[in-house]
């Protein structure tokens with residue numbers, strides 16, 4: 001029996017959550033981040049800690065259900081997703097992070113549409129991630145333009 005690669009979705013998503021979280025785990029004491037001019041729409045830090053795990057669960061379910069047709073692009077976007085936290089929070093490169101998130105939006109909007117065509121429920125479950133990326137892009141752009 002061949003190894004079913006789609007079972008990798010769940011552990012790799014958890015790994016991405018952990019690695020991304022390591023870069024952004026304590027923004028309340030990050031002097032650089034606290035000094036930034038942020039949008040009035042910037043949510044308090046705890047909101048991110050609630051939203052991201054939910055999004056990762058929804059993403060995982062969608063990727064698992066459509067893996068045969070979306071697995072490669074899903075794993076690729078997961079790398080860029082994790083890299084964003086490091087670019088922004090650890091390396092203090094908001095412009096590079098912004099370009100990264102725009103790439104994420106492009107990849108994931110296409111991925112959501114593909115999922116929707118393959119399995120409607122997967123496309124629906126994946127859509128909040130794309131919407132959150134758009135919002136995060138706005139927050140990132142605000143920081144780039146106002147700092």
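Those residues that are over 9 Å from the mean Cα position of the chain (by Cα) and within 20 Å of residue 45 (Cα to Cα), I need them from the range 55-84; list them, please.
Within the range 55-84, 57, 83 meet the criteria.
Which residues, taken from the range 7-56, are touching a residue at least 60 places away in the same chain (Cβ under 8 Å) and either in contact with a strand residue (DSSP E or B) (Cβ under 9 Å, 6 or more places away or on another chain) or not in a helix (DSSP H, G or I) (or both)?
If the condition is that a residue be touching a residue at least 60 places away in the same chain (Cβ under 8 Å) and either in contact with a strand residue (DSSP E or B) (Cβ under 9 Å, 6 or more places away or on another chain) or not in a helix (DSSP H, G or I) (or both), then 27, 36, 37, 38, 39, 41, 42 are the ones that fit.
Can you pull out every residue in the range 113-147 that is within 17 Å of residue 60 (Cβ to Cβ), in a helix (DSSP H, G or I) and in contact (Cβ under 8 Å) with a residue 40 or more places away in the chain?
Scanning the range 113-147 gives 114, 115, 118, 121, 122, 123, 125, 126, 128, 129, 132.
Pick out the one residue from 74, 89 that is more than 15 Å from residue 133 (Cα to Cα), in contact with a helix residue (DSSP H, G or I) (Cβ under 9 Å, 6 or more places away or on another chain), touching a residue at least 60 places away in the same chain (Cβ under 8 Å) and crowded, with 20+ Cβ neighbours inside 10 Å.
Values: 74 fails: more than 15 Å from residue 133 (Cα to Cα).
One residue alone meets the criteria, 89.
Only the coordinates and a few stated rules stand behind these numbers; no lab work does. Keep in mind the model is a prediction, meaning the values are calculated, not measured. Heads up, the Cβs are rebuilt from the backbone with ideal geometry, glycines too, and the neighbour counts pull from every protein chain shown.
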